[in-house]
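Have a look at the structure below, then the notes.
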Amino acid sequence: AQSVTQLGSHVSVSEGALVLLRCNYSSSVPPYLFWYVQYPNQGLQLLLKYTTGATLVKGINGFEAEFKKSETSFHLTKPSAHMSDAAEYFCAVSDAQGAQKLVFGQGTRLTINP
Amino acid sequence: GAVVSQHPSWVICKSGTSVKIECRSLDFQATTMFWYRQFPKQSLMLMATSNEGSKATYEQGVEKDKFLINHASLTLSTLTVTSAHPEDSSFYICSATGGGVKNSPLHFGNGTRLTVT
């Protein structure tokens with residue numbers, strides 16, 4: 001079975017500051033890992049994903065995440081927060097067979113202070 | 001890019017009535033569609049997986065007779081909430097994948113907010 005834990009249901013940073021959203025996973029098989037962003041009353045938009053290969057993954061809107069197998073982590077970062085980054089962020093895991101059946105974390109609401 | 005259209009975006013219905021939500025893939029063939037529900041300030045919980053032309057596979061605890069899923073074509077899946085009750089009020093989101101390519105990307109609809117009064 002797979003699971004995802006996002007540390008911190010709410011993160012608040014100042015505009016221009018570093019964004020760090022934490023995600024730890026549990027998986028009995030090599031995982032595929034994803035970060036999604038959700039704006040109010042909308043579906044999910046893929047930010048980035050890790051499948052195989054390079055452990056540092058770059059995504060859209062300046063976000064990146066690093067897969068650390070030893071720490072079972074896939075934390076999301078952005079060097080400089082922008083007001084438009086305010087949203088809900090979900091980390092997700094699926095099995096390596098790429099079944100696309102995602103298990104989501106609880107979500108982290110990111111607030112940007114002016 | 002690939003688009004998944006979900007309709008309606010919101011619906012209000014009376015308790016005891018049924019509501020149908022549509023999920024369409026606009027520019028690709030969706031061999032597999034997923035239905036999620038999301039309660040306020042919570043994560044997405046997978047309800048069921050539907051493959052075109054076959055019966056949906058429901059997650060544990062999801063009543064298949066209450067949440068009817070039909071995936072009759074490669075571009076359309078529907079979720080019908082039968083005899084809706086206030087506790088069914090939630091945000092329902094579909095996602096679709098396919099195109100005949102292994103590990104093809106997953107695309108999400110914009111969700112449907114259901115309010116049962």
log10 I(q)/I(0) for the range B:33-94, Debye formula on C-alpha points only (no solvent), q = 0.12, 0.13, 0.24, 0.27 Å⁻¹, two decimals, reads -0.27, -0.32, -1.05, -1.25
Efficiency of FRET from Cβ geometry, residue A:83 and residue B:51, R₀ 41 Å, rounded to 0.05
0.50
Cysteines, the protein assembly as shown, no other Cys beta-carbon under 4.7 Å
B:13
Might you report the magnitude of the Cβ-based charge dipole of the range B:45-117 about its Cα centre, with Lys and Arg at +1 and Asp and Glu at -1, to the nearest 20 debye?
200 debye
Three principal axis extents, largest first, for the C-alpha atoms of chain A, in Å?
42, 29, 22
In which sequence would A:60, B:21 go, from the one with the fewest C-beta neighbours within 10 Å to the one with the most?
A:60, B:21
Counting alpha carbon pairs within less than 8 Å and at least 6 residues apart, what relative contact order, in whole percent, applies to the range A:1-105?
35 percent
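Quote the FRET efficiency, to the nearest 0.05, computed for residue A:12 versus residue A:71 with a Förster distance R0 of 25 Å and r equal to the Cβ-Cβ distance. Mind showing how you got there, number by number?
Working: r = 24 Å, r/R0 = 0.98.
Working from the Cβ atoms, E equals 0.55.
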Looking at B:107, B:57, B:40, which one has the Cα that reaches farthest to the positive end of the dipole of chain B (charges on Cβ: Lys, Arg +1; Asp, Glu -1)?
B:40
Of A:39, A:65, A:18, farthest towards positive along the dipole that unit charges on Lys, Arg, Asp, Glu beta carbons give chain A:
A:65
Could you give the nm distance between label points at residue B:14 and residue A:1, where each point is 7 Å from its Cα heading toward the beta carbon?
4.2 nm
Inter-site label distance for residue A:39 and residue A:51 at 7 Å from Cα along Cβ, in nm
2.7 nm
Ellipsoid equivalent to the protein assembly as shown - semi-axes via the Cα gyration tensor, in Å:
30, 21, 16
If you average the alpha carbon positions of the range A:36-114 and of the range B:32-86, how far apart do those two centres end up, in angstrom?
24 Å
Note down the nm distance, to one decimal, between modelled labels 7 Å out along Cα→Cβ at residue B:26 and at residue B:7.
1.1 nm
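Read-outs: derived from the displayed coordinates by stated rules, not from any lab. All figures in this text were calculated on a predicted structure; none of them were measured in a lab. Cβ coordinates were reconstructed from backbone atoms using ideal geometry, including for glycine residues, and neighbour counts include every protein chain displayed.
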